[in-house]
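A.B. asks: Can you read through this structure? Questions will come right after.
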Amino acid sequence: MPALVSDVGGTNTRLALVDTHGRLSVAPRRYRNDDHDGFLSVAKTFLREEGYPDLTQACIAIAGPVSVKSARLTNRDWGFEAVALTDGLAVPSVKLINDIVALGYGLGALGPGQLAVLRDGGQPNGNGQRVVVGMGTGLNVCMAKDTGMGPVILEAEFGHSHLPVSVANRLDAVMPGTSTTFHTVEELLAGRGVGKLYNLMTGVPSAGGHDVAEHAETNPDAAACLMLAAELFGLLTRDIYSHYMPGDGIYFAGGVARTLLQVPYVDAFAEAFQMSGQFEQDLAQVPLLLITDDLAALAGCARALS
């Protein structure tokens, strides 16, 4: 009997069935959240289309804070209760995990077609630690530690942390006094944060990072905003390195990360990340990779169940 895996974002929900070996047994499907009033409605639609299979278990990755028994989307008023979902899906057990944690579980299953190598880093220090940095509608990180018993995934809510001093100082150097308008790193560098940054730089409202990126080729102000955001992202990632010491690699995911880690903005990121000072030699050797597969979280859910 199959297990159900799902990746729930603010805009879309992806679902798939996996076999007892964690392999996809049906092609994943994507559903627009606007067409449903909650996750259970999406899941029941998927299961109806699959002929109501008997499920052994379920793992749901959610873009928001997660506890053992409940979770809530950050950017949509959807709640998740493990007990209610167990009943609603007619499944023996439901596991709730954060979407970035799902990517952490999935790192070991990612192949060349699912990753873009930004920098191989030469010789990593081999401490068995990797970190995933997800930056899209929200911002979060998780650390994956390789052990003889399998990977250990450490959860965090890094997006709700205050701005590091290096990020705040650089922001104030460009626009004095503006760092205090961003209370957390997510408010600055997630999608809506980039839109707010653009508004502060230009006085022109923006719908968010996607809107800024769409106009960057023809709007010099939008390009300048993304260049500054990439620099601040580099400083933030340097701070993340000192927190988690991911000697075996930093893996990036999410739409905002993909935008800021492409030409021409990636050079501003790299220069800020590799500034001289403490950990300079270690930073030069850490591999940097971009997760390009939107289905990677589903594979992570499958591995989280094994």
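A.B. asks: At most 16 other Cβ atoms within 10 Å and a DSSP loop assignment: could you name the chymotrypsin sites (Phe, Trp or Tyr not before Pro) in the stretch 134-213 that fit?
C.D. replies: none
A.B. asks: When the dipole is taken about the Cα centre of the chain, and only Lys, Arg (+1) and Asp, Glu (-1) are charged at their Cβ, what size is it in debye, to the nearest 20?
C.D. replies: For this selection, approximately 480 debye.
A.B. asks: Given the chain, what count of lysine pairs have C-alpha atoms under 23 Å apart, with each pair 8 or more places apart or on different chains?
C.D. replies: Step by step, the pairs that qualify in the chain add up to 4.
A.B. asks: To the nearest 10 degrees, how steep is helix 39-49 against the longest Cα principal axis of the chain, on a 0 to 90 scale?
C.D. replies: That works out to roughly 50 degrees.
A.B. asks: Would you mind getting me the FRET efficiency between Asn12 and Thr86? Use the beta-carbon distance for r and R0 = 30 Å, nearest 0.05.
C.D. replies: Efficiency, from the Cβ-Cβ distance: 0.80.
A.B. asks: List the cysteines in the chain whose Cβ has no other cysteine Cβ under 4.7 Å from it.
C.D. replies: Cys142, Cys225
A.B. asks: By count of other Cβ within 10 Å, fewest leading, how are Met135, Met245, Met275, Met143 ordered?
C.D. replies: Met275, Met245, Met143, Met135
A.B. asks: Working from the pairwise distances between different alpha carbons, so that the mean of 1/r is found and then inverted, what is the chain's Kirkwood radius in Å?
C.D. replies: Kirkwood radius, the chain: 20.0 Å.
A.B. asks: Once you have a ≥ b ≥ c as the square roots of the Cα gyration tensor eigenvalues for the stretch 187-306, tell me rounded if a/c is under 1.5, and otherwise prolate or oblate according to whether a/b is larger than b/c.
C.D. replies: Oblate.
A.B. asks: Would you kindly state how much longer the chain becomes between Asp37 and Met245 on full extension, computed as 0.36 nm times their sequence separation minus their alpha carbon distance, in nm to one decimal?
C.D. replies: Fully extending the segment from Asp37 to Met245 adds 70.8 nm.
A.B. asks: Assign unit charges at the C-beta atoms only (+1 for Lys and Arg, -1 for Asp and Glu), then state the dipole size of the stretch 121-286 relative to its Cα centre in Debye, rounded to the nearest 20.
C.D. replies: The dipole of the stretch 121-286 has a size of about 160 debye.
A.B. asks: Rounded, prolate or oblate for the stretch 27-169? Axes are the square roots of the Cα gyration tensor eigenvalues, ordered a ≥ b ≥ c, and the cut-off for rounded is a/c under 1.5.
C.D. replies: In terms of gyration-tensor shape, prolate.
Bear in mind these aren't lab numbers, they're just calculated from the coordinates by the rules spelled out. Bear in mind the structure is a predicted one, so any value in this text is a computation, not a measurement. When we count neighbours, we look across all protein chains shown, and the Cβ atoms used for this are built from the backbone with ideal geometry, even at glycine.
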